[in-house]
Amino acid sequence: MYIQIKDLCFTYKKTEKIAVDHFSIDLNKGEILSILGESGSGKSTILRLLAGLEVPSSGSIKVDDLFLFSKSDFVLPEKRGIGMVFQDYALFPHMTVAKNITFGLKKWGRKQVQQRLEEVLDLVNLSDYQKRYPHELSGGQQQRVALARALAPNPVLLLFDEPFSNLDANLQYKIREELRVILKKTGTTSIFVTHDENDARTLADKMVILNEGKMVKSGRPCDMLSPLNEKVHA
Ligand SMILES: Nc1ncnc2c1ncn2[C@@H]1O[C@H](COP(=O)(O)OP(=O)(O)O)[C@@H](O)[C@H]1O
Ligand SMILES: [Mg+2]
């Protein structure tokens, strides 16, 4: 298995309730996992633990035979090679599309940067937009810039935190189809969290239903007939 997450637990300081309770999942390289759960179920916290922004109280995270976290390991967030795409895109407003996308490629040579920029712009279908600023783009285009920026450094794992919440329904539908195609084309192992059952189903190879920090169910979307019965609401 390329990614092995075992028994991650976490409780926020000054709170009593466990936010993530024994979260475990294995993923093959290139697989897409979606985590479906209502607001407050612990989805963002799981992503923060994986990215290294919070420290689990127990459990382990292993990527490609390297422990990012265990009893005796903690790899710093910036050394993990994990990318993140957020709901609000978090683009730098004063930087062009090209600058936004190449921001994380500081250690690359100039030629490599230019080549990678062209590759990812082509992937997200924005080749003509590299000189624009974020405010000169539609919501869907900004979303694609955020995806291109996250893909540019070839992350070992890409995390998505409700990335479609700010898009209208039509666009959401189109973009999630596009996103799956791009992730499969690039073979990017991804974890995607959402409160939207359709998003979770359409995108994923594997799906987990989360309730109050606990895994209620997991499996292939086609084998999970009615997660809504598990009390998950938008
Ligand atoms: N910084 C924090 N301090 C204390 N509690 C938090 C913090 N962030 C989130 N929580 C709590 O942890 C639980 C899980 O939150 P979160 O992971 O953000 O859920 P989701 O992303 O599924 O909406 C919630 O009960 C939330 O109130
Ligand atoms: Mg959240």
The range 111-234 - percent relative contact order, Cα under 8 Å, separation 6 or more: 18 percent
Helix 110-123: inclination vs the chain longest Cα principal axis, degrees, rounded to 10, gives 70 degrees
Net +/- balance of residues flanking Phe86 in space, Cβ distance below 9 Å, scoring K and R +1, D and E -1: -3
Pick from Ile191, Ile18, Ile101: which residue has the top mean-square fluctuation in a GNM of the chain where Cα pairs under 10 Å get a spring? Ile18
Over the chain, average the accessible area per residue using a 1.4 Å probe and give it in Å², no decimals. 52 Å²
Under the rule of at least 5 residues apart or a separate chain, name every residue whose amide H is placed under 5 Å from the amide H of Tyr2. Leu27, Asn28, Lys29
In percent, how large is the relative contact order of the chain, given Cα pairs closer than 8 Å and 6 or more residues apart? 29 percent
On the full set of protein chains, 1.4 Å probe, figure out the accessible area of Glu212 and give it in Å² to the nearest 10. 110 Å²
Using a 10 angstrom cutoff on alpha carbons, build the Gaussian network for the chain and name the most mobile of Gln130, Gln172, Gln114. Gln114
What is the set of long-range amide H partners of Thr11 at a cut-off below 5 Å, with H atoms built 1.01 Å from backbone N? Ala19, Ser57
Tell me, what HN-Hα J-couplings in whole Hz come from the Karplus equation 6.51 cos²θ - 1.76 cosθ + 1.60 at θ = phi - 60° for each residue of the range 40-55, using x for Gly and Pro? x, 7, x, 4, 5, 4, 4, 5, 5, 5, 5, 6, x, 7, 10, 9
Calculated from DSSP H runs of 4 or more alone, at -39500 (n - 2.57) each and per residue, what is the 222 nm mean residue ellipticity of the chain, nearest 500? -8500 deg cm²/dmol
May I ask what percent, to the nearest 5, of DSSP beta bridges between residues of the chain are antiparallel? 55 percent
Just add up the charged neighbours of Leu105: K/R +1, D/E -1, any other residue whose Cβ is under 14 Å from the Cβ of Leu105. +4
Net charge dipole size for the chain [Lys, Arg +1 and Asp, Glu -1 on Cβ; Debye, nearest 20]: 740 debye
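The values are calculated or read from the model by the stated rules, or taken from the named source; none is laboratory data. If you're wondering where the values come from, they're calculated on a predicted model, not measured in any experiment. No Cβ is skipped: glycine too gets one built from the backbone with ideal geometry, and neighbour counts run over all protein chains shown. Just so you know, the surface numbers come from the protein's heavy atoms only, side chains and all, with ligands and any DNA or RNA stripped out. Shrake-Rupley method; radii C 1.70, N 1.55, O 1.52, S 1.80 Å.
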